[in-house]
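Worksheet: the structure to be examined is printed underneath.
The numbers here are math on the coordinates, done by the rules we state, and not lab data. Since the structure is predicted, the reported quantities are computational estimates derived from the model, not experimental observations. So basically every Cβ, Gly included, is an ideal-geometry build from the backbone, and we count neighbours across all protein chains shown.
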Amino acid sequence: MNSGERAKVMRASSPTAKMHKKDWRLNEVTDELNARPFPRFGLPTNIFRLCAAGPDAFTSIQASLSELLPDVDWDTAEQGKLIRGTLGNLRVNIERHTEFVSVTIIDADGTDQSAAKHLPDDWAQRLSGEIVVAVDCLCRPRGTGTDGWTCASQLEGGLASAFFDFKVAEDGHTKIYLEFDPQTDVRDIGRVALQVLEIETYRSFAALGLPDARAAQAELIGIAGRIPQTPIGFDDPALAEERFAELSTLAAELEAIWRATSFRFSACQAYWALVQARLASLQESPLDNRLTVGAFLERRLGPAVATYQSTERQRHDLAEQVGNMATFLQTRIELGLQRQNAELLASLNRGTERQLRLQRTVEGVSVVAISYYTVNLSLYPAAWLVEKFPFVDGVVVRALLVGVIVPVVWLLIRRLLRFTEPEDAA
């Protein structure tokens, strides 16, 4: 193949010959990186973020927002992870995450009312999923009153001031207040506001596992109290088998706890890591004598994360303890079975030895009996020989008969036994 032919083959096998550039996998990977751009908006702006978990949350959110954005092609948009809609100064983003769906409503009117006022009145009743996050974020110019907030932080070296109140208000929403300089770029406002909303979102999901951790700890305490502590004697295999069954039941219960909590605990710790990453990226620092958002969360949510970790360690330690005891008892049971088998084999060996001795006794008796009758039968022709040949001594003849017949009978019986032994073994 010359160089021109090789070039044709390479062009024929290249990606451009098989598919268009828009179909390359590179586009899918790149689109995933740019699927969630930061919003841009000025001041004042109200933001409402709703997060619902459940298998039917996305479908119910679509149905609830269909009245608000009737022109959105939901069937086509459902295939994507991010759906955007615009209605005047109102922007709505529906985003599908791994285990929840979020709705973010950005209202550029900046009134004192929550941006959730644009939702249908019965939107909460329409949702089939579980509402985990419902937060209002107010973005305002500096100079308004900021008293009464629990936490206060300065973000990105003074670019913004964040005020949190980790309580549920009368409308069922938590509240966040952000202050910016009036000349702050709209991209910076959207970027900081979105990251602050993510802090509240991931903070809420990081706390979901605490009831599971408390329930699991109660079960683990009960299991720890049921683990046998008294040793078992080597001469009691029945009790060892009974205890092995108990340990198997405990191991199954620990496995059930792991299946019920492992995903939740791992997810909560991952959410907590995201909260810390967002606080680090925002370069949080103290604003006044109030606790910063990070310090508050570290004091209140940090112990919950430590509870997840300690519960998992406790479950792992108990499972390892039960597994070690079960392995020890299984070894004990196997050794007992081997000891019983050894005793059975020894008993069989003793029976075989007795059978062999009996066989040899019977063999000896048989030789004597057969030889006796054979010698007696041989005396009749011997008497005829003595009468026929007077010079032959009868005593010598009888002695010769005994000396010849007994060894011959013994040899014949031994030979017969050797021929029958393979048949008996088979």
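Within the chain, which complete DSSP H helices have Cα atoms spanning at least 18 Å along the helix axis and a mean Kyte-Doolittle hydropathy of 0.0 or higher?
186-206, 210-226, 237-281, 394-425
Mind jotting down the distance between the C-alpha centroids of the stretch 246-301 and the stretch 108-163, whole Å?
24
Taking 0.36 nm per residue of sequence separation and subtracting the Cα-Cα distance, how much length would be gained by fully extending the chain between His316 and Phe391, in nm to one decimal?
Working: separation 75, 0.36 × 75 = 27.00 nm, distance 10.50 nm.
Taking 0.36 nm per residue and subtracting the Cα distance, the gain is 16.5 nm.
Report the number of Lys pairs in the chain whose alpha-carbons are under 29 Å apart, with separation of 8 or more residues or on distinct chains.
11
Using helices alone, what [θ] at 222 nm do you get for the chain, with -39,500 (n - 2.57) per DSSP H run of 4 or more residues, divided over all residues and rounded to the nearest 500?
Numbers: 12 runs with 251 residues, N = 426.
Result for the chain, helices only: -20500 deg cm²/dmol.
How charged is the neighbourhood of Leu208? Take every other residue with its Cβ under 10 Å from the Cβ of Leu208, and add Lys/Arg as +1 and Asp/Glu as -1.
Counting the neighbours of Leu208, the net charge comes to -2.
Using the Cβ atoms and a cut-off under 12 Å, what net charge is assigned to the surroundings of Ser60, where Lys and Arg are +1 and Asp and Glu are -1?
-2
Can you work out the base-10 log of I(q)/I(0) for the chain at q = 0.08, 0.10 1/Å, using the Debye formula on its C-alpha atoms alone?
-0.71, -0.90
Of the options Thr327, His316, Ser347, report the single residue whose Cα projects farthest towards the positive end of the charge dipole of the stretch 315-354 (beta-carbon charges: Lys, Arg +1; Asp, Glu -1).
Ser347
Given a Förster distance of 51 Å, report the FRET efficiency between Leu344 and Arg214 from their Cβ-Cβ distance, rounded to the nearest 0.05.
With R0 = 51 Å, the Cβ-Cβ based efficiency is 0.45.
Suppose we take every Cα in the stretch 23-200 and form the convex hull; what volume per residue is that in Å³?
135
Between Gln229 and Arg415, what length comes free when the chain is fully extended (0.36 nm per residue of separation minus the Cα-Cα distance, one decimal in nm)?
Length gained, Gln229 through Arg415: 60.6 nm.
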